[in-house]
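Participant: The structure that follows is given in the form of C-alpha cells.
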Amino acid sequence: MKVDLGDLNAFVTVARARGFRDGARASGASASGLSEAVSRLETQLGVRLLNRTTRSVVPTEAGQRLLERLGPALTEVETALDVVNSFRDRPAGTLRLNVPISAVRLVLPAIVPGFLAAYPDIELEVTAEDTFVDVLAAGCDAGIRYGERLEQDMIAVPIGPRVQRFATAAAPRYLDRRGRPEHPRDLLNHACLRGRFSYGPTPLWEFEREGETVHVDPKGPLLVSMGTATDLAVDAAIAGTGIIMMFEDWLRPHLDSGALEPVLEPWWLSFPGPFLYYPGRRLVPAPLRAFIDFIKSAAK
C-alpha cells in the first residue's frame with residue numbers, strides 16, 4: 001500500500017497536538033489542510049485513527065499504535081534529509097528540545113541568545129515539561145535532564161552549571177516570628193511550602209553535612225506543581241507564609257535582595273548539573289550538532 005508521507009506527517013502532528021488548530025500552529029499548515037490529509041489517510045487505510053469531538057482530538061487504539069511507530073520513523077526520515085546540511089556554509093533547519101521547566105529558567109537563558117546569533121538559519125523549538133518522555137517519540141531531537149533521569153543508550157553532554165544546590169529559605173519576618181531552624185528536623189515544627197512533580201509523589205527534603213544525610217517529610221499550608229507553579233510558592237515564601245526549598249539559582253535574586261533569608265545553609269545538598277542527551281544510534285542532525293559544538297565551546 002502506497003501512502004503519502006505528507007499525510008502520515010499530518011496525522012502525527014495532529015495526534016501529538018491533540019487538535020487540528022494546535023497542530024496547525026505547531027506545523028505552520030492550515031487546520032483544514034491537516035483535516036483533509038488525516039481523512040484521506042483514514043480512507044486509504046480503512047480505519048479511524050482519531051476520535052474527534054468539539055473539544056478534543058484523541059487517537060484511537062489503532063491511531064495510538066501507528067503514532068508510536070511513526071514518530072521515530074519520521075524523525076529518522078528528517079535526519080536522513082538533514083545530511084545535505086553538511087554541504088551548506090551554515091547549518092540550517094529546526095532544532096527541537098524537550099527540557100524541564102527549571103532548565104528553561106536556569107540553564108537556557110545563558111545559552112540560547114548566543115546560539116541563535118551564531119546560527120541565524122536555525123530555528124529553535126523548546127518544549128518545557130517535567131514529565132520524562134521519549135524524545136524521539138515526542139518528535140524532539142534532544143532533551144535536557146539530570147543524571148538520575150537519563151535513559152539508557154543515550155549520549156550525554158554537560159550543559160549549564162556543573163554543580164547546583166537545593167536551598168531552603170524564608171522571609172526574615174517569618175523566621176522572626178517562628179524561630180530559625182538549627183537542624184533539618186526542626187523543619188517538622190515549621191510551615192513548609194512544598195512542591196510535587198507530576199510523575200510521582202511529593203519528594204522528601206534531603207540535607208547533607210559532613211557525611212550525615214537527613215531526610216525530612218515536612219508539612220505546610222501550600223503544595224504546588226514543580227515548575228509550573230513554583231513561582232507561586234516563591235511568592236508565598238517572600239510574603240512570610242513559610243519555608244521553601246528550591247534550586248539555589250532560582251532563589252538567588254531574592255536571597256541577594258534580602259526578601260528571603262537562607263535557612264540551614266550548611267546543610268544544603270549539592271548535586272551535579274544537567275546534561276543535554278540525545279540518541280547515539282542515529283546520525284546527529286546538523287542543527288543539533290551545531291548546538292552541541294556551541295555548548296562545548298562555551299564550557300571551555
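The values are calculated or read from the model by the stated rules, or taken from the named source; none is laboratory data. Predicted model only: the values in this text are computed from it and were never measured. Here Cβ is always computed from backbone atoms with ideal geometry, including for glycine, and neighbour counts include all displayed protein chains. For the accessible areas, the whole protein counts, side chains as well, though only heavy atoms, and no ligand, DNA or RNA atoms are used. Shrake-Rupley method; radii C 1.70, N 1.55, O 1.52, S 1.80 Å.
Participant: Label VAL47 and SER30 with points 7 Å out from Cα along Cα→Cβ: what is the distance between them in nm?
Facilitator: It is 3.1 nm.
Participant: Multiplying the sequence separation of GLU208 and ALA156 by 0.36 nm and subtracting their Cα-Cα distance, what value in nm do you get?
Facilitator: 16.0 nm
Participant: Starting from the Cα of ALA118, step 7 Å along the direction of its Cβ; do the same at ARG177; then give the gap between the two resulting points in nm.
Facilitator: Label-label distance for ALA118 and ARG177, simple model: 4.9 nm.
Participant: For THR94, enumerate residues with amide H under 5 Å from its amide H, sequence gap 5+ or separate chain, H modeled in the peptide plane.
Facilitator: Those lying under 5 Å, H to H, from THR94 are GLU123.
Participant: Using a basic spin-label model with each label point 7 Å from the Cα along Cα→Cβ, how many nm lie between ARG252 and GLU61?
Facilitator: Those two pseudo-labels are separated by 5.2 nm.
Participant: Only Cα pairs under 8 Å and at least 6 apart count here; give the relative contact order of the chain as a rounded whole percent.
Facilitator: Relative contact order here is 21 percent.
Participant: Continuing with the same structure: With a 1.4 Å probe and every protein chain left in place, tell me how much accessible area THR43 has, in Å² to the nearest 10.
Facilitator: For THR43, the solvent-accessible surface is approximately 110 Å².
Participant: Which trypsin sites (Lys or Arg not before Pro) in the stretch 1-59 sit in a loop by DSSP (not H, G, I, E or B) and have at most 11 other Cβ atoms within 10 Å of their own Cβ?
Facilitator: LYS2, ARG55
Participant: Okay, moving on. What accessible area per residue, rounded to a whole number of Å², is obtained for the stretch 151-252 using a probe radius of 1.4 Å?
Facilitator: Normalised by residue count, the accessible surface of the stretch 151-252 is 52 Å².
Participant: Within the stretch 36-57, whose backbone N sits under 19 Å from a point 7 Å along Cα→Cβ of ARG69?
Facilitator: 38-51
Participant: Once every DSSP H run of n ≥ 4 in the chain is given -39500 (n - 2.57) and the sum is divided by its residues, what mean residue ellipticity at 222 nm do you get, rounded to the nearest 500 deg cm²/dmol?
Facilitator: -11000 deg cm²/dmol
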